[in-house]
Structure formats: C-alpha cells, structure tokens
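Here is the structure we will look at, set down as structure tokens.
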Amino acid sequence: MEELDIEPSVTKIPAAGAGTHLGFAWGPGDILVYETLHKASVRKDEDIYSPILRKLFNESHHIFVGLQTIGDDLPSKNKKAQFVSISKNYRSVIRACMEELQQVSILLATELIWNLCEVLFIDAAPAGSLLLHLLDWVRLHKADVDEKAREVLQSESPAEHHDYWDVVVSYVLQGRLEEARQMLVKQSTLQPAARSMYKLMDTLLSKMPFYNPGGTQTLTEFDVKWRHWHEEVDRCLQDNSFASNKHLELICKILVGDEDTLLEHKELLGTWYHFLVTRLLFCHPTVKPTELHYYAQSCMTMFLDLRSVPEPLDNILLAAFEFDIHQVIKDCSIALNNWWFVAHLTDLLDHCKLLQSHNLHFGSNLREFLLLEYASGLFTHHSLWQLAVDYFDNCPEFGRVYLELQIERVPLDTERKALKVLRICEQRQMSEQVRSICKIMAMRALRNNRLGSALSWSIRAKDAAFATLISEKFLQDYCVRGTFSDLDLIDNLGPAMLLSDRLTFLGKYREFHKLYGEKRFSEAAKLLLSLMTAKIAPRSFWMTLLTDALPLLEQKEDEDMELTKVELLRLALARNLAMAIVKEGTVEA
C-alpha cells in the first residue's frame, strides 16, 4: 500500500463527549465506532500460545475444511445428519483437550454452550425428543455423581455410606431411575421391615414412562400414559405411603415435581439449568421448543439468589433457550477469550441456514467477519498461520484481501518457510506477493554471498534487473577465480536464461565452456562467435572472450571450422584495434 503524502483528515465523532468511552471494531475498509461503558482494552488471542489449545485449533481445522465440502445439492435430511455429526466432532475435540488441560473452566463452558446449541439449533429436536436430549446434556456436564457413586459402591457397606442417599437422590434428579433402583435394593436388604415400602418405590420408578422417538407410540399417547403414572405417584404421596421413611418420601416428592423439594436440593442440582431439566422431566416431559424460554427464565429466577447477578454463562444459556442465536454469538464473543468458539459455531449454523437474515451494517456477513477475526489471530503465531489460509480461502468476500495483507507479515525466517509461503501464494495466483517474497529472499541470499540461491529466487520472481545484477556477480566471480560456482543451477537454466541479456550470456558462456571441455571445438567456436556478435557480453568481458578465442584459432578441423576461425580472428583484430584507438586517444588527450 502506498504511503500518503498528506496528513489524513480528522473525523469528528458527535457522540464523543468528555468522559465518554468509545469502542471500535475494524472492518475491511471501514471502522465501526460506538459508545460503551467499558474502558478501552485491546483484544488478544493469547490462547493460541497454549500447547493444548493449539491441538484444539489443529484438530478443528480439519473438521472445518470438511464442513465446507458439503454441497447444497444434498437432501436436507442427509445434510442435517451430517451437520449433527460435525457438531459432535467439534465437541469431541473440545473434550479431548479438556482431559489434557487442568484449567478446564473455559473449555467446559465452551462445550456446555456448544452442546446446547447442537440440541436446540442444529438437531432441532421436537417435543418429546427434546427432553431426552436435554437429559443427556445435563448428565454429561454433571458427572460428579458417578465419582461419588464409585466411592459409595467401593465402601464396605454402601447402604451405610454417608453419601449413599445423595447418590440415590442425584440419580433421580437426573432421570437415571434404573441406577437409583439398583442402589435402593442395597438399602432394602438392610431393612426387612420396610421391604414392602421399598418395593412400592421400585414399582413407581420402574413404571415411569420415557418417550421413545423411534417407537410406535405417539406423543399424545405417551402424554396420557405419563399423566396416569404421575397421578399414581401423587396418590402415594397423599396416602402417606412413605411417611415413615423420610428418604423415600423425599424421592416421591421429587417424582411429582414438587418445586420446594427440588429447590431444597440446590447443592445436588448445582445449577439452575439442571433444575430446569429436572423440573421439565417431572412436570412437563412433552415441552415444546417454543415453550422453553418461559421455563428457563422462571427456573433461573427461582434458583438464583435474589441478590446474586447472573454470570455471563447464565445469560448465554438463557439466550439459547430463548432461541436468540445472535445474542448467543454476541455474548460468547464478549465472554470467551478467543474467537475459536464463535467462528466455528457461527460457520456451522450458517451452513444450517440459520443465519441467513443477519448481515452486518459494515463489511461482510457475520460468519465471514468472525472467521476473518479468528484467522487473523492465527496469523500472529509462528506455526498456526498455515491453518489460517484455509479460513481466508472460505471467506468469499474479503478473504483474499485479508490473506494478501497477512501473508506479507509472515516473517521469512528460513528458506523452507519462505518456500511454504511462496507455494501458498503461487497456488492462489498472488503474483505481487510472489515477487515480493522472491525479492526479499534474493536480497538476503546476495547479502550472504550465496549467488546461486540469489539467482534462483530472482528467476522465480521474474525480476530481470536483479537477475542481470546477479549474473554480473557470477561473471566477476569467474574473472577472479577462473571457475563458476553453482554449476548445477547455471547448467539447468533452460528457458529462464531469456529473462535478461546478461543471464542469457551467462548461460551461453557456461555452455561454451562445456563444449570446449568435451572437445567439441567447432560447436564451441560457433557459440563463442555468436556471443561476440550478439552484443550481449558486458564490455568488461571482451578481453576474456578474445582470450578464449585464441586456443580455438589453433585448432584444425573441417572447412566450416576454418571459416569460423577467420571470423573470430577478424573480430579479435577489429576489437583489438578499437581498443587501441580508444587507448591512444586517451593518452593524447
């Protein structure tokens, strides 16, 4: 980009008053400025320097590239299955990194949000199936009960362990009723007198219906069956069937969905969204996606302390339950400390045709904007910059411009790295960047007196002037040493020698030496004669050429050779006479 000769004009921002904080975001060719309550801070993708997260970036790159190959011509049903599979692949990469990274809080939150978005937006589970997916979501992210259950079961007397009832209740809260029944069997064996009561509870747990999406039962039929079961549990509670056992009575209250009982067990639930899913399980198992936002808001209000402010994660999950995709992306962009999550999730949602209506008021669409930000961050890393190229390639509007700007900033530390950068530019017909890289490397090689490498780079850059300069250096080196360096390169110039007259002369002069060395004197003489008549030899090299001609004048071969010798002699005498006149004139002057 050319430097401006004049100072840029000052742009006044009307909203900027004294004490006002301004935020800004760069767009290609534009800048968005807005008023904010926050002090200015520079956003950096510091996570790219974490070895474990570099694994996340590398692995997810392959998934991203694969996603771009899914064609629009596929039936929507097939595409949905592929998109869900890709989403699961992204999550599996996150979880693999979580296992290696001790500080898992950010990744845990990332996977939690992504999983919920997969259920609500990508898989778009309908009523009935929706609750089953939400149960899986909660179970996956509330796994401490399994660890506690292992401790209880490995003890000498599990039924008498201090955490026994916590495990049983936790199983019930997560809808894991089969495991809860297995644990209750251990307690009933210790209390023969209460065996009938435990048997009743076992019957209630075993009879609780769960919707089967692949079965023949309709959602309406399931709802009727569930209501009958719910009424039966409620009758047992009203009849005081478990009044003599507070633990079983507690479980019965949970099964009927008693809100006060659920809220008394906040410690076992852990979060408001676990409370939400448990409440839906025991009160509204056929909840529709459109009804989720109402239940989510009320559960968060009931669960959180009135004095406590919701965390950023709470707001993100609530926005997801409200099906506000853009709010989810916006809040994640602010809360998470890198662009990886929002860039990849937005790309996937865009492929699912869920972001078509949302374009930015400046620059490109939301998907491209976030991918450009993420890829720009990768370019600051010494090895991850190569991944960024594919992200830029898949940004049709501004990806090429960003790549051209970023590729010029890659430090060409080694020739190997330079070749990598060069290959990327050549594959994309980025001719200006190709010339720039080759010139930089040619100059560096020349400074280090590596003439062969310098010539090779200048030829690749198609830089005639620089190729001429290096050819001159080769000829000067030959005059001093009497031999050529980098013979392999000069011998295999091929059509590249036509780049400049001096390079042509260098190549042909080396060819003359080869012919002479092979005792092909007639061909050597003709080539030398053509070099002397073509006027491409540097003036300083004339005497060298005349010296080379002397041994050829003594050779005796065919008549053709004799004619060539006569012509060489004529030229030699003519040039010798010309030089003598020049010298004589110089002396007289």
Exercise for review: Kindly write out, for region 250-262 in residue order, the coupling ³J(HN,Hα) from the Karplus curve 6.51 cos²θ - 1.76 cosθ + 1.60 (θ = phi - 60°), rounded to whole Hz, with x marking Gly and Pro.
Suggested key: 4, 4, 5, 5, 5, 5, 8, x, 5, 5, 4, 5, 4
Exercise for review: Taking amide H positions as placed in the peptide plane 1.01 Å from N, state which residues far from Y211 in sequence (5 or more) or on other chains have amide H under 5 Å from it.
Suggested key: none
Revision key, fill the gap. Per the rule of 0.36 nm per residue minus the C-alpha distance, extending K535 to D136 adds in nm 135.3 nm
Check your understanding: With respect to the cross-link table entries K199/K288; K88/K288; K88/K417; K77/K288; K148/K186, which display a Cα-Cα separation exceeding 27 Å?
Key -> K199/K288; K88/K417
Practice item. Could you calculate the FRET efficiency of S206 with K353 from 1/(1 + (r/R0)^6), where r is the beta carbon distance between them and R0 is 51 Å, rounded to 0.05? Key: 0.75
Check your understanding: Name the trypsin sites (Lys or Arg not before Pro) in region 241-332 that are in a loop by DSSP and that have at most 10 other C-beta atoms within 10 Å, would you?
Key -> R307
Study note, to complete from the structure: Amide H contacts under 5 Å for L354, restricted to residues at least 5 apart in sequence or on another chain and with H modeled in the peptide plane, are none
Review point. Beyond 21 Å, what percent of the Cα pairs of region 139-287 remain?
Key: 45 percent
Review point. Quick one: accessible area per residue over region 324-425, 1.4 Å probe, rounded to a whole number of Å²?
Key: 42 Å²
Exercise for review: Can you spot the lysines whose alpha carbon is less than 30 Å from K420's alpha carbon? Ignore those fewer than 8 places along the same chain.
Suggested key: K44, K55, K439, K462, K473
Exercise for review: Kindly rank 340-350, 426-436, 457-467 from highest to lowest mean number of other beta carbons found within 10 Å of each residue.
Suggested key: 340-350, 457-467, 426-436
Exercise for review: Please report, as a whole percent, how much of the solvent-accessible surface of region 139-287 comes from carbon and sulfur atoms (probe radius 1.4 Å).
Suggested key: 46 percent
Point to revise | R0 of 45 Å, Cβ-Cβ distance W229-R150: FRET efficiency to nearest 0.05 | key: 0.90
Review point. Taking H as built 1.01 Å from N, whose amide H comes closer than 5 Å to the amide H of G128, not counting residues under 5 places away?
Key: V287
Point to revise | Under Karplus coefficients 6.51, -1.76 and 1.60, residue-wise ³J(HN,Hα) of region 378-395 in Hz, glycine/proline x | key: 4, 5, 7, 9, 5, 10, 6, 4, 5, 5, 4, 4, 5, 5, 4, 4, 9, 10
Exercise for review: Using packing as a proxy for protection, rank 387-394, 225-232 so that the peptide with the highest average count of other Cβ atoms within 10 Å comes first.
Suggested key: 387-394, 225-232
Study note, to complete from the structure: Between E259 and Q238, the two model label points (7 Å from Cα along the beta-carbon direction) sit apart by a distance in nm of 2.1 nm
Review point. What whole-number value in Å² describes the accessible area per residue of region 139-287 for a 1.4 Å probe?
Key: 50 Å²
Exercise for review: Round to a whole angstrom and tell me the spacing of the C-alpha centers of region 102-177 and region 421-468.
Suggested key: 59 Å
Check your understanding: Can you list the HN-Hα couplings for region 90-95, worked out from phi with the Karplus curve (6.51, -1.76, 1.60; θ = phi - 60°), rounded to whole Hz and with x for Gly and Pro?
Key -> 4, 5, 5, 5, 4, 5
Exercise for review: Subtracting the Cα-Cα distance from 0.36 nm times the residue separation, let me have the gained length for E221 to R520 in nm, one decimal.
Suggested key: 97.6 nm
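The values are calculated or read from the model by the stated rules, or taken from the named source; none is laboratory data. As the structure is a prediction and not an experimental result, all values here were calculated from the model. As a convention, Cβ positions derive from the backbone with ideal geometry for all residues, glycine included, and neighbour counts pool all protein chains shown. Note: accessible area is taken over every heavy atom of the protein model, side chains too, but ligands, DNA and RNA are not part of it. Shrake-Rupley method; radii C 1.70, N 1.55, O 1.52, S 1.80 Å.
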